[in-house]
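Accompanying notes for the structure given below.
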Amino acid sequence: MRKRSNQIKALAALAAVMVGTAFAKTPDTIEAKVRHELIMLPYYNLFDDLSYRVEGTTVDLFGEVTDPVVKRDAENVVKKIEGVTAVNDQIEVLPLSPMDHQIRWREYRAIFAYAPLQRYSMGALPSIHIIVKNGNVTLKGFVSSAMDKQLVYMRANGVPGVFSVTNDLQIEK
């Protein structure tokens, strides 16, 4: 009877350690908080690109956005994260251009209306970002294969009115 009681206590202790370890692995780092806050920005969309670097308690923000509100909001939410003491905002607001705006939507249709690439348009924030500045297109984000990366590039390159296409897409591991 005593042996059985000791086994139950040992199992209970092991379960407590495992549960504690599982909770200890929750992403409470500054990096995880910054990422969460940036993707939750209400006006952040596939025509914007935001990235960051955390060095100690300083956060550097990078990228390009179509709306100055996104730049302001990104800096403000990161400043409020516990543990962040300084924010270096290097986000560029893209110039307002009717031509660039038309190119963004033509690129969107060329890429996401193509059946093999439609899965990348799913979700609130697609994994492919289309950045257009002065008629030049940069593709950023993630795709699942080298073939998809090439398909996106070919579709983007076929849009009329585009001066150049830079393919900065990364392949998910």
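The values are calculated or read from the model by the stated rules, or taken from the named source; none is laboratory data. A quick note: this is a predicted structure, and the numbers were derived from the prediction, not measured. Glycine gets a Cβ as well: all are built from the backbone with ideal geometry, and neighbour counts include every protein chain shown.
Scanning the stretch 86-105 for residues that are aliphatic (A, V, I, L, M) and without any contact (Cβ under 8 Å) to a residue 40 or more places away in the chain yields Ala86, Val87, Val93, Leu94, Leu96. If you go through the stretch 34-66 and pick out every residue that is closer than 15 Å to Ile130 by Cβ and either without any contact (Cβ under 8 Å) to a residue 60 or more places away in the chain or among the hydrophobic types (A, V, I, L, M, F, W, C) (or both), you end up with 6. Within the stretch 114-131, the only residue that satisfies the criterion of being in contact with an Asp or Glu (Cβ under 9 Å, 6 or more places away or on another chain), farther than 17 Å from Val65 by Cβ and either among the hydrophobic types (A, V, I, L, M, F, W, C) or touching a residue at least 40 places away in the same chain (Cβ under 8 Å) (or both) is Leu117.
The set of residues in the stretch 54-73 being over 23 Å from Pro98 (Cα atoms) and over 13 Å from the mean Cα position of the chain (by Cα) consists of Val54, Glu55, Gly56, Thr57, Thr58, Val59, Asp60, Asp73. Looking across the stretch 102-127 at every residue that is of a type in the set (Ser, Thr, Tyr) and assigned to a loop (DSSP other than H, G, I, E, B), the one that is surrounded by the most Cβ atoms within 10 Å (Cβ to Cβ) is identified as Ser127.
For the stretch 149-173, the candidate set comprises residues that are under 23 Å from the mean Cα position of the chain (by Cα) and touching a residue at least 40 places away in the same chain (Cβ under 8 Å); within that set, the residue that is farthest from Pro116 (Cα to Cα) is Leu169.
Filtering Val159, Val132 for residues that are in a loop (DSSP other than H, G, I, E, B), surrounded by 12 or more Cβ atoms within 10 Å (Cβ to Cβ) and either touching a helix residue (DSSP H, G or I) at 6+ places or on another chain (Cβ under 6 Å) or among the hydroxyl-bearing types (Ser, Thr, Tyr) (or both) leaves a single hit, Val159. Only one of the numbered conditions (1) at pLDDT 95 or above; (2) not assigned by TED's automatic domain parsing to the domain that holds Asp49 is not met by Val87, and that is (2).
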